[in-house]
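Here is the structure we will look at.
The values are calculated or read from the model by the stated rules, or taken from the named source; none is laboratory data. From a predicted model like this one, the values you see are computed outputs, not experimental measurements. For neighbour counting, all protein chains shown are included, and Cβ atoms are generated from backbone atoms with ideal geometry for every residue, glycine included. With ligands, DNA and RNA removed, areas are computed over all heavy atoms of the protein, side chains included. Shrake-Rupley method; radii C 1.70, N 1.55, O 1.52, S 1.80 Å.
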Amino acid sequence: MTSEPATVPSTSPSAIELGDLPLRDNLVGKHPYGAPQDPVPVSLNVNENTHPLPEAVIADIVSELERAVRSVNRYPDREFLSLRTALAGYLGHGLRAEQVWAANGSNEVLQQLLQAFGGPGRSLLSFTPTYSMYPLLADGTDTAWIPVPRPADYALTPDLVVSAIREHRPTVTILCGPNNPTGTPLEREVIVAAYDAIAEYGGILVVDEAYQEFDAAHETAVGLLPGRPLLVVSRTMSKAFAFAGVRLGYLAADAAVVDALRLVRLPYHLSALTQAAATAAVWHAEEMLATVADIRAERDRLEAALVELGYSVHPSGANFLLVGGFVDPSATFEALRADGILIRNLGIEGHLRITAGTHAETTAVIEAIAALGPGGATADSAK
């Protein structure tokens with residue numbers, strides 16, 4: 001799986017090409033992360049919570065932002081203790097503020113982990129297909145990337161993860177659960193087996209729970225933290241919390257791991273406005289997450305409709321589905337885009353990924369795919 005090249009409009013002609021620059025060797029020929037951001041009526045390609053925030057919550061967040069703006073002539077709280085305390089309370093399991101860290105999206109959280117524990121001569125292992133940012137973050141920190149293929153059903157087993165970890169002895173291992181882009185849930189026995197394997201030599205195990213709130217069947221790995229000082233659980237407010245535009249990711253770990261991240265973070269890396277907005281949102285977690293049940297229902301409705309249309313749908317604990325059975329995924333992607341519907345083409349043969357949106361958005365994508373006929377659009381049908 002490869003990341004889609006970003007398309008950034010050029011404002012002026014350039015005298016040189018990217019390849020003419022003295023890039024680090026491991027960046028030559030690479031593309032930045034990118035997903036289309038077309039202003040289409042139905043945007044279901046980046047797994048956002050497409051429901052609007054409750055008005056009462058908006059009012060409280062705006063109030064906190066107004067308060068914060070009055071002091072932006074001063075630097076923000078470098079340790080953002082109010083936010084960390086709120087996040088610890090939200091996660092529960094007896095966590096303390098010193099066991100919680102946050103940054104500008106979970107991508108920066110993961111980047112800081114690799115800045116602290118990765119680097120030249122070190123490695124990052126994960127099981128593919130998985131989140132396309134992992135290898136890009138590895139490249140950006142000069143950390144060797146080790147992709148290990150998942151089985152045909154994408155589900156990890158204790159034997160598979162232990163075998164891979166013992167073979168490669170990675171410095172950092174990431175298990176994504178539910179996995180992006182497949183939606184595959186992550187079983188607790190897999191996490192425990194992986195941790196026991198990395199503990200044999202002192203690696204770091206990261207469980208990326210970006211979509212955890214959507215998985216009603218599996219408990220968070222936060223409960224596994226006691227007695228496992230090399231375990232890190234990464235989360236985000238971009239998905240279930242419907243807070244993607246604020247850019248707030250966070251993690252829970254042993255306090256020593258958090259101290260390691262304080263070595264590499266930039267000074268005042270979370271603005272006063274980000275802290276204020278995120279803290280207010282966590283205070284209103286129940287209201288912010290009120291749409292999660294509806295999204296699960298729309299995901300299940302989308303799955304049932306696509307199966308009835310003849311497509312194969314992989315089991316998902318997230319707010320999206322990986323759907324197989326498209327004769328020409330690129331042609332179907334473009335046909336839907338022309339209809340004002342944006343989904344995700346990640347280069348997995350025969351597959352497209354579709355976010356579960358509102359009832360109206362889910363209905364629109366079901367009707368549009370049905371109108372394309374069996375197997376979706378093809379290059380010939382698009383002519």
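Of the residues making up the stretch 305-363, just one is touching a Phe, Trp or Tyr at 6+ places or on another chain (Cβ under 7 Å) and farther than 30 Å from GLU187 by Cα, namely THR332. With respect to the conditions (1) free of Cβ contacts under 8 Å to residues at least 40 places away in the same chain; (2) among the aliphatic types (A, V, I, L, M); (3) within 17 Å of PRO178 (Cβ to Cβ), ILE354 falls short on a single one, namely (1). Of the residues making up the stretch 293-330, those that are of a type in the set (Gly, Ala, Ser) and surrounded by 18 or more Cβ atoms within 10 Å (Cβ to Cβ) are ALA305, SER316, GLY317, ALA318, GLY325.
The set of residues from the stretch 298-333 being under 21 Å from THR358 (Cβ atoms) and either at pLDDT below 95 or among the polar types (S, T, N, Q) (or both) comprises SER316, ASN319.
Would you be able to tell me the number of residues in the stretch 196-222 that are under 20 Å from LEU110 (Cβ atoms) and more than 21 Å from the chain's Cα centre (by Cα)? Final tally of qualifying residues: 3. Just so you know, in the stretch 103-131 the residues that are part of a strand (DSSP E or B) and of a type in the set (Ser, Thr, Tyr) include one that is surrounded by the most Cβ atoms within 10 Å (Cβ to Cβ), and it is SER126.
Each row is one residue, and each column tells you yes or no for (1) assigned to a helix (DSSP H, G or I); (2) modelled with pLDDT under 95; (3) crowded, with 18+ Cβ neighbours inside 10 Å; (4) touching a Pro at 6+ places or on another chain (Cβ under 9 Å).
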| residue | (1), (2), (3), (4) |
| --- | --- |
| PHE241 | no, no, yes, no |
| VAL258 | yes, no, yes, no |
| LEU273 | yes, no, no, yes |
| ALA278 | yes, no, yes, no |
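Does ALA210 fit the bill of being under 26 Å from ALA297 (Cβ atoms), in a loop (DSSP other than H, G, I, E, B) and of a type outside the set (Val, Ile, Thr)? The answer is yes for ALA210.
Here are some residues: GLY310, GLY347. Which one is over 27 Å from PRO39 (Cα atoms), of a type in the set (Gly, Ala, Ser) and touching a residue at least 60 places away in the same chain (Cβ under 8 Å)? Before the answer, list the steps.
Working: GLY347 fails: over 27 Å from PRO39 (Cα atoms).
From the options GLY310, GLY347, the qualifying one is GLY310.
Among the residues making up the stretch 139-178, those that are of a type outside the set (A, V, I, L, M, F, W, C), touching a residue at least 12 places away in the same chain (Cβ under 8 Å), part of a loop (DSSP other than H, G, I, E, B) and touching a helix residue (DSSP H, G or I) at 6+ places or on another chain (Cβ under 9 Å) are THR141, ASP142, THR143, ARG150, THR157, ARG169, PRO170, THR171, GLY177, PRO178. Out of the residues in the stretch 55-82 that are open to solvent by less than 50 Å² (accessible area, probe 1.4 Å) and assigned to a loop (DSSP other than H, G, I, E, B), which is farthest from PHE214 (Cα to Cα)? Out of the qualifying residues, it is PRO76. Entry remark, the stretch 338-383: residues being surrounded by fewer than 17 Cβ atoms within 10 Å (Cβ to Cβ), closer than 21 Å to HIS51 by Cα and out of contact with any helix residue (DSSP H, G or I) (no Cβ under 7 Å at 6 or more places or on another chain) number 4 in total.
Does at least one position in the stretch 88-95 carry a residue that is open to solvent by 90 Å² or more (accessible area, probe 1.4 Å) and on the phi > 0 side of the Ramachandran plot? Taking every residue of the stretch 88-95 in turn, at least one turns out to be open to solvent by 90 Å² or more (accessible area, probe 1.4 Å) and on the phi > 0 side of the Ramachandran plot.
Considering the stretch 13-54, and only residues there that are polar (S, T, N, Q) and in contact with a strand residue (DSSP E or B) (Cβ under 6 Å, 6 or more places away or on another chain), the residue that is surrounded by the fewest Cβ atoms within 10 Å (Cβ to Cβ) turns out to be SER43. Among residues of the stretch 185-199 that are within 20 Å of TYR211 (Cα to Cα), those with a beta-carbon under 6 Å from a residue that is in a loop (DSSP other than H, G, I, E, B) at least six positions away or on a different chain give the pairs PRO185/PRO178; PRO185/ASP215; PRO185/HIS218; PRO185/GLY317; LEU186/GLY177; VAL190/LEU156.
Select from the stretch 243-256 the residues that are more than 15 Å from the chain's Cα centre (by Cα) and either of a type in the set (Lys, Arg) or surrounded by 20 or more Cβ atoms within 10 Å (Cβ to Cβ) (or both) and list them in ascending order. Steps first, please.
Initial filter on the stretch 243-256 (more than 15 Å from the chain's Cα centre (by Cα)): 252-256.
Scanning the stretch 243-256 gives ALA252, ALA253.
Across the stretch 217-235, the number of residues qualifying as outside any helix (DSSP H, G or I) and either at pLDDT below 95 or open to solvent by less than 10 Å² (accessible area, probe 1.4 Å) (or both) comes to 4.
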